[in-house]
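**Q** After the structure tokens below, expect a handful of questions from me.
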Amino acid sequence: MNNFVKGSLALVVSRITAGLNVNCTKFLLPLWIAPMSFVTLRLLFGTAFFWLLAIFDKPDTSATRDKVKLLLLGAVAVFGYMSLYAVGMSYTTPVNFAIFNATQPIWVFLFSIFIRNEKVTTGKVCGIMLGFAGVVAASLASPVQHLAPNRFLGNTIALVSSLFYSVYLINSSALLRRVSNLVMLRYTFTGATISALVFTLFTDFSAPMFSTHSNHAAILVFIFVLIFPTAISYLLAPIGIKYLKTTLVAIYGYVSLVVATVVSLLLGQDRFDVMLLAAMLLICAGIYLVSMAERKTTV
């Protein structure tokens, strides 16, 4: 299995679980757990999980300066992304949030051109534009109003959260040339957890699902979030980040949008709209074009 296929498979699985996380988060917040309490518990679990895996990892020989960079990256980018993700989901529908959160490829594409001088190809540009057209088309779909108390605010927060994740992608891609996947995860999650705990000192921890009787479904969903979107998804993502170009990594984020859309329709968290179908077709075409363009230059 070559690196391109290995990275692509890892990202597909990672993004599928991330897409399911959109629907799980909408189900849990804010009824069963407060947004920031949700983020803190996810980060604590992820940090413990990745440090536990260190037992099976090779000895860490990473430079101290790289570890400090990873801690700062986690404290700002990972914490910022997860926090905005949770807060924004409370105001809009899963599909709308996933749509605006899927603007990551646009930011990454621009960052890669102006900061890292990444090569611009026709395939990449066409893929990005098709993906962007899909985002625009999906944004024109009408949401279920009672599930979107403040659609504009939620969508705006989703847009900003995509910026934070793009910063994470750009910087982690560079750092993974010098550190292992698990080292990156251990230190970025540790940095994010420190930020979360500091933030929690000034806010109230609220998780009714742990204190009420009708909590079985909520707890099961929360356990799923901890195991798959938190542990498994983040464990697989660095494989794709390591072997694929940053723009393609971001493009695979569109898989989460497709998954979140389909599951939302099945669960009644949103309703079908012809614009959603057009958006998914455009997004899939964008993934294909960028994937083909990257495959020509990826070993």
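**Q** Considering only C-alpha atoms, what is the centroid distance from region 145-208 to region 14-93, in Å?
**A** Using only Cα atoms, the two centres lie 6 Å from each other.
**Q** In what sequence do 198, 258 fall when counting other Cβ within 10 Å, fewest first?
**A** By the 10 Å Cβ count, ascending: 198, 258.
**Q** For the chain, what is the number of Lys pairs with C-alpha distance below 25 angstrom, counting only pairs 8 or more positions apart or on separate chains?
**A** Lysine pair count for the chain: 21.
**Q** Could I have the simple spin-label model distance between residue 133 and residue 113, label points 7 Å from Cα toward Cβ, reported in nm to one decimal?
**A** Each label point lies 7 Å from its Cα, and together they span 1.8 nm.
**Q** Out of 158, 207, 237, any idea which swings most in a Gaussian network model of the chain, alpha carbons joined below 10 Å?
**A** Comparing 158, 207, 237 in a Gaussian network model of the chain, the most mobile one is 207.
**Q** Just how many % of Cα pairs in region 9-96 lie over 18 Å apart, if you round to the nearest whole percent?
**A** 57
**Q** Continuing with this model, one more query. For region 260-292, list residues with backbone N below 18 Å from a point placed 7 Å from the Cα of residue 120 toward its Cβ?
**A** Taking a point 7 Å out along Cα→Cβ of residue 120, the residues of region 260-292 whose backbone N falls under 18 Å are 290.
**Q** Longest segment of the chain with no chymotrypsin sites (Phe, Trp or Tyr not before Pro) in a DSSP loop having at most 15 other Cβ atoms within 10 Å?
**A** Formally, the longest exposed-site-free interval is 1-201.
**Q** In percent, how large is the relative contact order of the chain, given Cα pairs closer than 8 Å and 6 or more residues apart?
**A** Contact order relative to length: 42 percent.
**Q** How many percent of the alpha carbon pairs in the chain exceed a separation of 35 Å?
**A** More than 35 Å apart: 15 percent of the Cα pairs in the chain.
The numbers here are math on the coordinates, done by the rules we state, and not lab data. If you're wondering where the values come from, they're calculated on a predicted model, not measured in any experiment. So basically every Cβ, Gly included, is an ideal-geometry build from the backbone, and we count neighbours across all protein chains shown.
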